[in-house]
Structure formats: structure tokens, C-alpha cells
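All remarks here apply to the structure that follows.
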């Protein structure tokens with residue numbers, strides 16, 4: 001706050017001294033000019049004496065004498081009283097009530113600056129009923145009784161402040177606090193041409209200003225505070241308004257010269273705004289569409305103001321407000337959504353003096369994290385089977401996770417806003433992939449060669465939208481179905497218990513005439529099918545030159561699915577068809593084996609196609 005100064009008293013009054021008797025002398029002090037002491041005129045600088053103003057006159061012989069003002073109709077003012085006849089010189093102090101009882105010399109004048117002052121609209125403050133504008137003068141008696149001239153000097157400085165119209169009748173008390181003593185006993189050394197003042201550092205640094213006598217609040221308008229004429233390196237003022245207290249402070253240096261007015265400006269009742277609400281908005285589909293917040297508490301009632309929500313130097317929401325409060329909703333074109341985190345809130349207002357003030361709320365705004373969901377989907381042959389879509393299941397690849405997709409509960413309008421970042425991380429079978437798809441419904445390529453597992457595979461997708469992270473999962477099963485052995489090749493992992501397998505171009509042969517014991521082909525890593533699963537086996541098996549009771553069978557775990565028997569010698573039996581069964585236990589291996597005797601016997605396998613059966 002800048003404090004301006006104007007001169008408020010720079011005029012002289014003359015005194016005429018006359019003789020009354022041998023003990024006392026009647027003295028009349030005449031103010032020959034319309035000048036200021038107790039009442040400010042409308043211009044705020046010219047002052048006039050008032051009827052019955054009292055001054056203290058010291059003659060250094062007795063205690064102070066009381067002189068009373070008389071004001072004629074033409075504005076001519078005189079002060080009349082008595083002093084000791086032996087006194088060749090005197091000192092006058094206004095007002096009488098604030099002057100010390102005694103004064104022994106020009107260098108020992110004392111007055112009291114009241115620490116409680118009653119304001120007067122447009123005029124000097126009072127000490128109760130008496131104007132507190134302290135002035136001093138000194139003079140000498142002429143032996144021939146002719147008039148002697150004296151000059152009054154103001155010994156206080158005056159601080160002017162204004163109650164703005166909107167605060168009319170609201171303020172009940174103002175407390176002015178300075179960094180140094182400003183009220184109490186003021187010592188005046190008047191040994192020179194002009195008075196020199198000093199005040200003890202232990203005296204009061206606080207002046208309390210109350211409304212005019214017989215009123216309880218300040219009316220709008222201009223008021224004054226009288227202080228010791230000291231330089232003030234800043235000040236603070238508090239205004240009591242009902243149950244609230246308002247503060248005003250300045251760090252500028254001003255003051256130090258008696259007889260001057262220093263303008264403190266308007267005593268604005270500055271409120272600190274509040275963020276009364278901040279929450280996120282969702283549409284009918286529970287998708288995030290923005291953030292709303294409400295700011296309340298105009299800094300100065302009736303004055304326009306604005307608010308900025310800032311993340312560092314970046315403004316994420318701004319409001320221009322004309323009333324007490326305003327709600328900012330998700331229609332903000334640049335930042336409809338405010339990401340979770342802490343933000344600085346700065347507000348700007350115009351004072352009654354027209355000064356633009358920008359300040360920050362003492363505490364930051366904490367925006368909560370939004371409630372987001374991320375649904376993840378994908379399917380496998382087994383999930384199609386569980387849905388009852390048997391044909392769809394058998395059309396799937398045995399090791400593929402199909403159509404991995406996700407849906408983030410954030411509106412597309414936010415996703416496409418360049419102010420917000422979005423990334424996805426996908427993980428399955430220990431492998432992770434990151435993407436920056438600008439969509440709330442991303443889809444990705446199928447996952448192939450996912451291994452058969454006894455447990456469910458988890459497809460995990462994590463979305464990070466504008467710093468808020470949410471994860472969704474989908475569990476899928478890879479069973480190894482459907483699997484087609486038409487015919488198997490060595491690369492498929494078929495082995496036998498002897499370590500030798502006879503592969504032809506269109507079939508695999510189990511056993512031959514040189515072997516005299518059963519021959520088995522196994523695969524223990526292609527399947528892991530839960531119990532209760534309905535399977536169908538499409539097979540094509542030939543028993544060749546079989547001995548009596550030669551057999552070939554297919555087992556899933558310990559459960560036999562197909563058995564082929566040839567009871568005739570030197571005979572080919574062609575076995576084909578589709579067999580369905582419900583697994584009684586979990587299956588992790590499939591066995592195709594032949595049982596035969598000596599000779600050129602064998603089992604030829606042309607096709608084994610394991611698929612899902614009809615439920």
C-alpha cells in the first residue's frame with residue numbers, strides 16, 4: 001500500500017497580552033487567520049477553531065492555566081485566560097486535557113497521545129469529547145503591554161483512511177499497529193524555534209480507533225488517526241466486522257513529519273475465497289466427462305474478481321466472477337477435467353482504490369482421483385466352448401488368445417483432448433507391451449503361441465490417463481483343444497517308449513514285426529483339459545496283419561476314449577469315426593498305443609483330431 005502525505009497545518013496565530021492585576025495578567029491570544037486546530041473543513045486541510053476549545057498555557061511559575069476560545073461571527077477567534085504577572089514568557093498547548101499538569105521550561109513539555117481514539121467523520125479524532133490534534137506555541141510579553149506574536153505548531157502526524165460505501169455500518173473497531181511506538185507520552189523540546197518531539201520506545205505501538213461517540217459502527221467516509229511524528233516502516237490494520245476480523249498490511253516506509261497527513265487508503269474488508277466443492281462428473285454410461293468446482297467468498301463485496309487454478313505455471317481452470325460465488329463445470333473447453341493432484345489457487349480482485357491485487361489461497365487445492373474402470377475382454381477356444389458355441393470353439397486355433405480389447409470409462413472428448421495423456425500396458429504370459437492408443441476402446445492383435453497351462457492365463461491391461469492409473473484383467477484358458485494330428489510328424493513331439501518312431505508321409509506306424517511288446521506314442525505337453533469337458537475324437541486308425549487280439553487305443557490321461565481290436569490273423573481292419581466323451585479327470589497327456597504279437601503287425605494312424613464335443 002502506498003501512503004501519500006499532505007500538509008494539514010501550516011499557519012500562525014498571534015497573541016495579545018494585557019495586564020489585569022499585580023498577581024495575574026489577563027492574556028488574550030488572537031487567531032488572526034481562519035486556520036486549523038480542531039475542526040477540518042470540507043477540503044480536508046483547512047481547519048478552524050471551535051467555540052469553547054481549551055488550551056493549556058504555562059508561565060513556568062505555576063501549573064497550567066486554562067484558556068477558552070471564543071469565535072466571532074466573522075470567524076475571528078480569541079483565547080482568554082490568566083497567567084502569572086511575573087512571567088515574561090509562556091508556552092501554549094492544545095488541547096488542555098492532553099497537556100501535562102506542569103511545564104518547567106521550554107525543553108520539558110509533555111503531552112499524551114491517546115492510544116484509544118474516537119474517530120470523527122471527516123475530522124480529527126477525539127480523546128472522548130476533545131479533539132486530539134496536539135499543537136504548541138510559545139511567546140513573550142512585551143513590557144509596554146503591546147501584542148506579542150506566537151505561532152502554533154502541530155506536533156503529531158495524521159493518518160487518513162476511508163471506509164468504502166459497501167462497508168458502511170459494518171466495522172465496529174479498527175486497530176492500527178506500527179513497528180515502533182506511536183502513542184503515549186510525547187516529550188517536546190521547544191528550546192529552539194520549532195518543537196522537537198520524542199517518544200519512548202516502551203510506549204504503545206498500537207492505537208485503537210473506535211467509531212464516533214454514541215455510535216457503534218463506522219459510517220462510510222474519511223477518518224483520521226493521530227500518531228507521534230515517527231517514520232513507520234510499514235504497518236498493519238485489523239478491522240472488526242461482526243464475528244470476523246479483516247487485516248490490511250503495508251511494508252512501505254512513510255511518516256516522520258509533524259503536521260502532515262499520510263493517506264492509508266480504503267480499509268477494504270477483504271475476504272479469503274474458499275473452494276467449497278470439487279468433484280468429478282460422469283455421464284449416464286459412468287464415463288468421466290469433467291470436473292466441477294465451486295468458488296465462494298468474493299474478496300470484496302460488490303467488486304468483480306477472478307480465480308485461476310494452476311499447476312505450476314499452467315492454468316487448468318479460470319473463472320471470472322461478478323457475484324459472491326460461481327461454479328465452474330466440465331464445459332471448460334481447454335481443461336474440462338482437472339487431473340488428480342495439488343493445485344495453487346490464485347485470486348485477483350480490484351480494491352476500492354482501483355488497485356489490482358493478485359494473491360494465492362494459503363492452502364492448495366487437492367483434486368481427488370476419479371473413479372475409473374477398465375474392462376478387458378478376449379476369448380479362446382475354451383471360452384467359446386463354455387459359452388456353448390461348440391462350432392466356434394472348434395474353429396479357433398488351440399494356442400491363440402483372440403481379440404484382446406479394453407474399455408476405459410473416460411469420455412472420448414477427454415481422450416482426444418491434447419492436454420491429457422493416455423497409455424496402455426498389456427501383459428500376458430510374462431510379456432508386456434506399451435502403447436499410446438488415443439481411444440477409450442483399444443483393440444490389439446491376437447496373442448499367438450500361448451502355452452498350454454493347467455492354470456488360467458491372465459491378460460492384464462493397465463491404463464494411465466492423465467496420471468490416474470487403473471487396471472483391468474481377463475482370465476482365459478488354453479487347453480490344447482482343438483488339436484489335429486493328420487498325420488503327426490516328428491516335430492510335433494510324438495515319441496515312443498523305445499525312442500524310435502516310424503513316420504511315413506501320410507501316417508505314423510506303431511510297432512513292427514521285429515518287436516514283441518506293446519509300442520506307445522505319447523505327447524504330454526499338448527493338453528491340459530479340465531475335468532467335465534466334453535471332447536470329440538475324430539480318428540482314422542488301421543490295424544495291419546494283426547495277431548489275434550491285437551488292439552490300438554487312444555487315452556486321455558487314464559481315460560480310454562477309443563479302442564480298436566483285430567481278432568483275425570493277417571487282416572487289415574480300418575477303424576474311423578467320431579467318438580465323444582466327458583472327461584472324468586483333468587487331462588495333461590494323450591496316449592496312442594498298440595498291442596500286438598510277433599510278425600509283421602502294426603498300427604497305422606492316419607488321423608487323430610481332438611476337438612470340443614457337443615454339450
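The values are calculated or read from the model by the stated rules, or taken from the named source; none is laboratory data. Since this is a predicted model, take the numbers as computed values, not measurements. All Cβ positions, glycine included, derive from the backbone under ideal geometry; neighbour counts span all protein chains shown.
Quick notes
- Checking each residue in segment 349-376 for being in contact with a strand residue (DSSP E or B) (Cβ under 9 Å, 6 or more places away or on another chain), surrounded by fewer than 19 Cβ atoms within 10 Å (Cβ to Cβ) and under 18 Å from residue 265 (Cβ atoms) picks out 350, 351, 353, 355, 356, 357, 358, 359.
- Condition met for residue 581 (assigned to a strand (DSSP E or B), at pLDDT 70 or above and closer than 21 Å to residue 399 by Cβ): no
- Test: residue in segment 220-242 that is over 20 Å from residue 183 (Cα atoms), in contact (Cβ under 8 Å) with a residue 40 or more places away in the chain, more than 37 Å from the chain's Cα centre (by Cα) and assigned to a loop (DSSP other than H, G, I, E, B): no
- Among (1) modelled with pLDDT of 90 or more; (2) in contact with a helix residue (DSSP H, G or I) (Cβ under 7 Å, 6 or more places away or on another chain); (3) surrounded by fewer than 19 Cβ atoms within 10 Å (Cβ to Cβ) - the single one residue 455 does not satisfy: (2)
- Restricted to helices (runs of 4 or more DSSP H) entirely inside segment 362-461, no element has at least 3 residues that are on the phi > 0 side of the Ramachandran plot.
- Residue in segment 21-31 that is in a loop (DSSP other than H, G, I, E, B), in contact with a helix residue (DSSP H, G or I) (Cβ under 8 Å, 6 or more places away or on another chain) and either modelled with pLDDT of 55 or more or in the same structural domain as residue 222 (by TED's automatic domain parsing) (or both) present: no
- Matching residues in segment 458-490 - criterion: being free of Cβ contacts under 8 Å to residues at least 60 places away in the same chain and closer than 23 Å to residue 391 by Cα: 475
- Taken together, 436, 471 contain a single residue that is under 30 Å from residue 290 (Cα atoms) and modelled with pLDDT under 95, which is 436.
- For segment 194-208, the criterion of being more than 24 Å from residue 92 (Cα to Cα), in contact (Cβ under 8 Å) with a residue 60 or more places away in the chain and in a loop (DSSP other than H, G, I, E, B) is met by none of the residues.
- Candidates are the residues of segment 239-296 that are touching a helix residue (DSSP H, G or I) at 6+ places or on another chain (Cβ under 8 Å) and over 30 Å from residue 133 (Cα atoms); the one that is surrounded by the fewest Cβ atoms within 10 Å (Cβ to Cβ) is 289.
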